Amino acid sequence: MEKEYSKEDAIEEAKRCLNCANPQCVKGCPLSNNIPKFIQCIKNEDFDNAYNELLKTTILSEICSRVCPMEKQCMAHCVRGIKGEAININKLEEFVARYMIDDNRYAEFMKNIQESATKKDIKVAIIGTGPSSIACAYELAKIGYVVTMFEKESFFGGILAYGIPEYRLPKKVVRIVQSKLENLGIKIQFNQEYGKDVTEGMLLNDGYKAIYLGIGLQSSSMLNVEGKDLENVYSGNDFLYFVNSVNNGVNSKIDLNDIKDKNVVVVGGGNVAIDCAISAKKLGAKTSTLVYRRTENELLMEKSERELAEELNVEFNYLSLPVKFIGNKKVEKIECVKMCLGEVDSTGRRTPIVADGTNYIMEADYVIVCVGSKIDSETMLKNSKIDYDDYTIKVNEDGQTNIPYIFAGGDTSLTSNKTVAMAAKTGVIAAIGIDKYLSK
């Protein structure tokens, strides 16, 4: 992992920016941050204005600077990167955010935003506290709405808190964002599950005029193979939740110490899979092996994560697919089959095909399956009038569902590119849509 920039590091890096007249980096940022302007402020040692510039478009600088795939977004469009090394935009954004955290300097910015908002005596409910909900709540508060967020867990942050490991995103940073929202006058209620503790009818009766659903894809997909119900077989989402529990002040439902010196097999090839594989190693696993049905070229993980995995001796078993989990009560082994790649499919990747007669056995004390997530249908069925399928809540260009006063965003409104910044963008779009709807 790269070290944090010092003040001197940040200024020197900022000096490399060409301050382009037609900045492509802004086009690569889902939130359209004015990247050249905040970088020029750093260059001039005007860190307050650098932060103020970022706040015009996002409240998530502390988060995005750590977890966004910059090399696929803003940095991929940096003109400097055409013939050399792109400006390290994420490290500069992280520096500015960290600078403001010192002595709680950010609180003054939040106070100024709150005081400058034109107050509206109109209540809006935000379901969830993940990145899309945070962005939506922030934009609505800036406009002047009375905003309350409802979180089913006892801690703040949604996927930021329970889905991203501590080594990538310290939970103290997530709590800083919570503090910023509270400084804006936004109320946050915990242990309030939508459809159970808080319902659409209750919110309408309490005077809320619009509802935003930022509930995420909470239910995990599992491989439909024999032995999937054995003990110590977990979904990637559940495993990361358990790993993050201690950092969120919640007791883990599994004994994480038991993973030490054990063989862990992770199934999948995305960021969740590599997060699980690295987390297992950090917990002291004897071996942590990622089993992926395609090749290294099709992996959907970030370069920095891949490098960290290699440092920790995470093993990669390509062109393999589990077909059976074996054990007596607890998983002990998995049976895999070798794959080969066929024609390119709709995702732009070659289709994996089973190579008959290539079955083999792997030792496995724990198996973590990371093959996707979907909507928690139990939650959605509480309001069956909303138009949705397994993976998407149907919304229009304003983030509005088929029920006019209900809006939705985050992973449930995205079909691809499910990053924190993209989720936040949907929250911003919905906030603008909510304002348009309520202004009528």
Quick one: give the max-minus-min coordinate of the C-alpha atoms of region 26-79 along each principal axis, largest first, in Å.
-> 28, 25, 16
Summing -39500 (n - 2.57) over the DSSP H runs of n ≥ 4 in the chain and dividing by its residue number, what mean residue ellipticity at 222 nm do you reach, to the nearest 500 deg cm²/dmol?
-> -10000 deg cm²/dmol
Lys and Arg at +1, Asp and Glu at -1: neighbours of L438 with Cβ under 9 Å from its Cβ sum to +3
Dipole magnitude of the chain about its Cα centre (Cβ charges: Lys, Arg +1; Asp, Glu -1), debye to nearest 20 = 680 debye
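Tell me the Kirkwood radius of region 161-243: reciprocal of the mean inverse pair distance over distinct alpha-carbon atoms, in Å.
Computed over Cα pairs of region 161-243, the Kirkwood hydrodynamic radius comes out at 16.3 Å.
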Once both labels are modelled 7 Å past Cα along the beta-carbon direction, what's the E166-N19 spacing in nm?
-> 4.3 nm
Could you give the alpha-carbon Rg of the chain over 2.2 N^0.38 Å, rounded to two decimals?
-> 1.01
If you stretched the chain out fully between R105 and V250, how much longer would it get, using 0.36 nm times the residue separation minus the C-alpha to C-alpha distance?
-> 49.3 nm
Can you give the charge dipole size of region 96-212 about its Cα centre, rounded to the nearest 20 debye, using +1 on the beta carbon of Lys and Arg and -1 on the beta carbon of Asp and Glu?
-> 220 debye
Work out from phi, with θ = phi - 60° and the Karplus expression 6.51 cos²θ - 1.76 cosθ + 1.60, the ³J(HN,Hα) of each residue of region 344-353, listed in order in whole Hz, and give x for Gly and Pro.
-> 5, 9, 5, 7, x, 10, 6, 6, x, 10
Say the dipole of the chain comes from +1 at the beta carbon of Lys and Arg and -1 at that of Asp and Glu; which of I127, V371, F109 then lies farthest toward its positive end?
-> F109
What are the residues whose amide H is under 5 Å from the amide H of V267, where those residues sit 5 or more places off or on another chain and H is modelled from the backbone?
-> V291, I368, V369, C370
Distance histogram in 5 Å bins (all Cα pairs of region 1-159, percent per bin) | 2, 9, 17, 19, 20, 14, 11, 6, 3, 1, 0
Quick one: accessible surface of F47, probe radius 1.4 Å, all protein chains present, in square angstrom to the nearest 10.
-> 10 Å²
Here the net charge surrounding E53, from other residues whose Cβ is less than 12 Å away from its Cβ (Lys, Arg +1; Asp, Glu -1), is -1
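The values are calculated or read from the model by the stated rules, or taken from the named source; none is laboratory data. Note that the structure is predicted; figures quoted are calculated from it, not measured. Glycine gets a Cβ as well: all are built from the backbone with ideal geometry, and neighbour counts include every protein chain shown. Please note that ligands, DNA and RNA were not included when accessible areas were found on the heavy atoms of the full protein model with its side chains. Shrake-Rupley method; radii C 1.70, N 1.55, O 1.52, S 1.80 Å.
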